[in-house]
1. Work out how much length residue 4 to residue 112 would gain on full extension: take 0.36 nm times their residue separation and subtract the Cα-Cα distance, in nm to one decimal.
2. Give me the aspartates and glutamates in straight-line cross-link reach of residue 70: C-alpha distance below 13 Å, same-chain residues under 8 apart excluded.
3. Arranged from highest to lowest average of other beta-carbon atoms within 10 Å per residue, in what order do the peptides 66-73, 227-234 appear?
4. First select every other residue whose beta carbon is under 15 angstrom from the beta carbon of residue 147; then total the charges, Lys and Arg +1, Asp and Glu -1.
5. Anything over 20 Å Cα to Cα? Flag those among 164/211; 120/164; 120/181, in the order listed.
6. Please rank 149, 39, 157, fewest neighbouring Cβ atoms within 10 Å first, as an exposure proxy.
7. Helix-derived [θ] at 222 nm for the chain: sum -39500 (n - 2.57) over DSSP H runs of at least 4, divide by residue count, nearest 500?
Amino acid sequence: MSDKGRLAGKKAIITGSGTGIGREIALEFARQGADVVLHYAHSSAGAKSAVKEIEDMGRKATAYAADFSKVEEVIDFGNKAIKFLDGIDCLVNNAGITFNMPIRKVSVDQFEWMYNVNIKAQYFLCQRVIEELTKKNKPGQIVNITSIHGVSGAPEHSVYAGTKGAIIAFTRSLAMEVGHKGIRVNALAPGCVPVENYNKVVKDFNLEDAKKWAANAIPVGHFGTPLDIARVAVFLCTDDSRYILGQTIIVDGGTTNLMSLISDFRNESTAHFGTGYLPGV
């Protein structure tokens, strides 16, 4: 078993890790030397294949299914994960669901379902992990995955954005509560990162067409990848980030920095604001 890597010997729980960003986070943690427990709700094949890849790296891994809309399953998952790892160092709360719908059409059940999975599950899994770390007087790191929707507005995303904004506020306050115990809590907000589920939720999604859109719409000129997000999650769980606490790290290629009023940021503007007031304008 290799002891090399930035997370050598660490024990990590990664939720929502059967596909996409979560799966890549689990793999990258293992590449960096951590033992990993994966969580999935529906993506059994992806989670189990990731476990096999991690074991082939010489690390310890397993995957448990849990319905995170039910808090009792969240707690049961946490208990099983900590028992398997014989402790815990790092938690990445990646599990989440999304949908967009005009506010007039959102039902109470849809609202509660979204908040249960996206924020309630994170909250009570954090509680379980912090209980374990505190009991053993150990330092630890928690990374809560939020979204740029938590800091920027988009039509028909009021429920989803509400949960992601709640994660940011929850992270900030929790960090102030447990930081003095050596437990660092931060959030990570990905921008546009195409994953497998895009084909399910975006009608007629075509990756090549999407890449052309991204080349013009995202300031850095391209989409992010799950590995881009995974590497930042690793960073937040190492001593390299030891002075970062309660922050939301935005990884979005500049998307949230771009003023929406500016439709074409690549060409010189034909409008000159300040005409008549500033010399030479």
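Taken together, the values in this text are just the output of simple stated rules run on the coordinates, not laboratory data. Since we're looking at a predicted model, the values are computed, not measured. Here the Cβ positions follow ideal geometry from the backbone for every residue, glycine too, while neighbour counts run over all protein chains shown.
1. Details: separation 108, 0.36 × 108 = 38.88 nm, distance 4.31 nm.
Contour length minus Cα-Cα distance gives 34.6 nm.
2. Hits, sequence-local ones excluded: 112.
3. Packing order, densest peptide first, comes out as 227-234, 66-73.
4. Working: positive: 164; negative: 156, 228, 252.
For residues surrounding residue 147, the net value is -2.
5. 164/211; 120/181
6. Going from sparsest to densest Cβ surroundings: 157, 149, 39.
7. Calculated from helices alone, the mean residue ellipticity at 222 nm is -12000 deg cm²/dmol.
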